[in-house]
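Some notes on the structure that comes next.
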Amino acid sequence: MRIFKWLFLLLLLAGGGLYAYKQYVKKPDPPKVIATAQAAMGDVRKVLEATGIIKAQVGAIVKIGARATGTIKEMNVKVGDEVKKDQLIAVIDSRELRSQLDEAEAKLARAQAELSQVETVYPRRIAEAEAELRLSQAKYDYAASSLKRQDELFKKELVARDVLDAARRDSLVSQNEVLAREASLVRVRTEFEKEAIKAQKGKEEAQAVIDSVNTKISYTSIVSPIDGVVAFVTSQAGETVVAGLQVANLITVLDPSRLEMWIYVDETDVGQIKPGMPVEFRVDAYPGATFKGSVDQIYPQPEIRDNIVYYQALCALIPWNRPSCGRR
């Protein structure tokens, strides 16, 4: 009887355990198919990760200085402003230079008046000298003809010797007068040439002074030589700048479209880098954006940093919309 009780108790425990197993132990779910694709041949991309620095190319950073001395009258930009080529960014007081310009223009007007006077007066003097020469030449021709006639009459004993001597005297005087008139004409013409050259040189000198002053005045209007962004402003309106042997730097402009990246490649990986390879990089200022470029050249001179040998790979970057110069 006791044996049946134990058998019944075992069966009861086995049934309870089976029931509990079915209730509390779940069967694994069948696998779910998320997506399917057909197997095919493809390319496997090999990526070499390295760090680098984005820097401006040669000529992308321009320090704009002042070649004029004076007080800054206007400062039209501040750090971060975008500027265009030939845009006016600062003005220096030019009142002193404009006074010099007025003086130079007055000298030019005087030189022009002198040149005009020379060109007007001397041709008249030359015309007068030429007329006097023609008159003297006519007198000489008449005196020479009269001398010839008197000589023939004297040979025929029709006139006295005094008449012949007077004719010779008149002919000689007329001849010397012609020579004097010719010399006077040459002198007037020479003076005209010299005075004309002198007046022309004076005019050119006055014009050169005006051009020089205008050039100095142009230095008071400071313009941007390139398109870019203002990176530094070292002076403000009201401050005085002095031009000397070293040009005072006022504003620095950076062209963000002319950047390049220096990548530091470990010596164990430099053999895998070739010019023309594509480059993808990210910057700290735009963590979610990826930018592109390509390897331009690899510098053969190694650089040791933290006891590790690196080679610099110079990368040309595709222009983008002004990310900050970070590195990744």
Scope the range 87-114; condition out of contact with any Ser or Thr (no Cβ under 7 Å at 6 or more places or on another chain), acidic (Asp, Glu) and closer than 30 Å to GLY65 by Cα; matching residues: GLU96, ASP102, GLU103, GLU105
Count of the range 142-183 residues which are surrounded by fewer than 18 Cβ atoms within 10 Å (Cβ to Cβ), under 28 Å from TYR122 (Cβ atoms) and touching a residue at least 12 places away in the same chain (Cβ under 8 Å): 3
Scan of the range 289-311 for residues that are of a type in the set (Val, Ile, Thr) and surrounded by 15 or more Cβ atoms within 10 Å (Cβ to Cβ), ordered by number: VAL295, ILE298
GLY42 vs. criteria at pLDDT below 90 and within 27 Å of ALA208 (Cα to Cα): no
Inter-residue pairs, beta-carbon under 8 Å, first part of a loop (DSSP other than H, G, I, E, B) and in the range 67-84, second of a type in the set (Asp, Glu), 6+ apart: LYS84/ASP227
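Give the residues of the range 277-293 that are touching a residue at least 24 places away in the same chain (Cβ under 8 Å) and either in a strand (DSSP E or B) or outside the structural domain of GLU260 (by TED's automatic domain parsing) (or both), sorted by residue number.
VAL279, PHE281, ARG282, VAL283, TYR286, ALA289, PHE291, LYS292, GLY293
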Condition check for ALA237: in a loop (DSSP other than H, G, I, E, B) and not hydroxyl-bearing (Ser, Thr, Tyr): yes
Selection status of GLY17, in a helix (DSSP H, G or I), outside the structural domain of GLU280 (by TED's automatic domain parsing) and modelled with pLDDT under 85: yes
Residues of the range 246-276 satisfying the condition of being more than 18 Å from the chain's Cα centre (by Cα) and not in a loop (DSSP other than H, G, I, E, B): LEU259, GLU260, MET261, TRP262, ILE263, TYR264, VAL265, ASP266, VAL270, GLY271, GLN272
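The values are calculated or read from the model by the stated rules, or taken from the named source; none is laboratory data. Note that this is a predicted model, so its numbers are computed, not measured. In this analysis, Cβ positions are derived from the backbone assuming ideal geometry, glycine residues included, and neighbour counts consider all displayed protein chains.
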